[in-house]
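Below: one structure, written as C-alpha cells.
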Amino acid sequence: VLAWLVPGAGHLFLKRGRRALLFFVLVLVSLVIGCRLQGNLYSPVQGQPLTLLATLGCMGMGFPYFLLRYLLDYHGEVAAAGYEYGTAFVLTAGLMNLLLVLDAWDIALGKKE
C-alpha cells in the first residue's frame, strides 16, 4: 500500500534509497510534464467503459491522483495543443507507479535484488 500511495516509498521502505528517489522523480516528472501539457486526468464517464480502465491507470500514481483530482480540482484542457501528449504522460505516471509497486513486491518476496 505504501508503494502505491507514494511513488518510490515501497523501495525506500525496503532500504533501496537511490532507487526510491529515482522512481519518485521519474513518476513525478512524468506527471508534471503531463499536467503542464494540460493532459487529461481520467475519471469514469458513464457509457464509456474504457474510461474506467484509464481512470484505474491514472489512480495507479496513488496520492498524487487524489491531490490533483480533489484538492487541486485539476482538469486537462481539451483545446490545449499538448492535450494528447499530456494525457499520455499522466497515464504513464500512473501505470509506471503500478509497475514499481510490483517491483517492490518482488524485492520484498526475495525474488529480485
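Below are the figures for this structure:
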| read-out | value |
| --- | --- |
| Lone unmet requirement of (1) assigned to a loop (DSSP other than H, G, I, E, B); (2) of a type in the set (Ser, Thr, Tyr); (3) surrounded by 21 or more Cβ atoms within 10 Å (Cβ to Cβ) for Ser43 | (3) |
| Per-region count, the stretch 64-107, residues touching a residue at least 12 places away in the same chain (Cβ under 8 Å), open to solvent by less than 70 Å² (accessible area, probe 1.4 Å), assigned to a helix (DSSP H, G or I) and not β-branched (Val, Ile, Thr) | 16 |
| All positions within the stretch 1-26 that are touching a residue at least 60 places away in the same chain (Cβ under 8 Å) and either out of contact with any Asp or Glu (no Cβ under 9 Å at 6 or more places or on another chain) or over 22 Å from Phe66 (Cα atoms) (or both) | Trp4, Pro7, Gly8, Phe13, Leu14, Arg16, Leu26 |
| Residue within the stretch 73-80 that is within 25 Å of Val1 (Cβ to Cβ) and of a type in the set (A, V, I, L, M, F, W, C) present | no |
| Hits in the stretch 46-63 - residues which are free of Cβ contacts under 8 Å to residues at least 40 places away in the same chain, open to solvent by 30 Å² or more (accessible area, probe 1.4 Å) and either within 12 Å of the chain's Cα centre (by Cα) or within 12 Å of Val90 (Cβ to Cβ) (or both) | Leu56, Met59 |
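The values are calculated or read from the model by the stated rules, or taken from the named source; none is laboratory data. All figures in this text were calculated on a predicted structure; none of them were measured in a lab. Virtual Cβ from ideal backbone geometry, glycine too; neighbours counted across all protein chains shown. Ligands, DNA and RNA are excluded from the accessible area calculation, which covers all protein heavy atoms including side chains. Shrake-Rupley method; radii C 1.70, N 1.55, O 1.52, S 1.80 Å.
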